[in-house]
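None of the figures in this text is laboratory data; all of them are computed from the coordinates on show. All values derive from a computational prediction rather than experimental measurement. Here the Cβ positions follow ideal geometry from the backbone for every residue, glycine too, while neighbour counts run over all protein chains shown.
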Amino acid sequence: MTLDFDAVDLTIEVVRTERLVLRPYHPDDVDPVFLACQDPDILRWLFVPFPYTRDDAVEFVTQTTVSARAEKRGLLTAVEADGEFVGSAGVQNFTGGLLGPGIGYWLAPWGRGRGYAAEAARALADWVLGHGAPRVHLFADVDNAASQAVARRAGFTDEGVVRSCLPYRDGSRGDAVLFSRLPGE
């Protein structure tokens, strides 16, 4: 699979929706990322360092997201609504293997309940499908009903359960629901 990024500078690429700006991270996103990643739901569902420190936020904002874009491995974006940081969304692994590129998202507690995650996931899926991906996927923990609802609202189809594919902080593994979208969906 070859995606067409010839006319795209991923280091500055911005995806816009009716209400959101999905943009590169800025250094002033460090504090909101740090604050958001203190939330028990984020710590429960994401495989992030624990405890999540300000240094972790600095590394994520200034290194992880920047290198993914620069090396054309992914488009990791800060989700902004009305000029305020409300979360993170991204598409990674552009080569994607059999499943295609993967979508991920999380919202800060102050950004939840307004449909932002589904809007961001749909926009990123549309973006990568528009660049030639034959399909895009995402995983949601079988116990994370909110993330599964986001996937469905973003137009993804439930393909079934993938057993023991999610690493947990305690070293165990969990099951996930696999969702996908195809061009034209």
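Label-to-label distance for Leu35 and Thr53 is 2.2 nm, based on points extended 7 Å past Cα in the beta-carbon direction.
For the stretch 134-162 versus the stretch 24-45, the inter-centroid distance based on Cα atoms is 22 Å.
Between the amide H of Val86 and those of Val79, Glu80, Ala81, distances stay under 5 Å, these residues lying 5 or more places away or on another chain, with hydrogens modeled in the peptide plane.
One entry in (1) 25, 19, 17; (2) 35, 17, 15; (3) 22, 21, 16 is semi-axes √(5λ) of the Cα gyration tensor in Å calculated from the shown coordinates; its label is (3). Taking Lys and Arg as +1 and Asp and Glu as -1, the other residues whose beta-carbon sits under 14 Å from that of Val161 total -3. For the stretch 36-54, the residues whose amide N sits under 15 Å from a probe point set 7 Å from the Cα of Asn93 along the beta carbon direction are 47.
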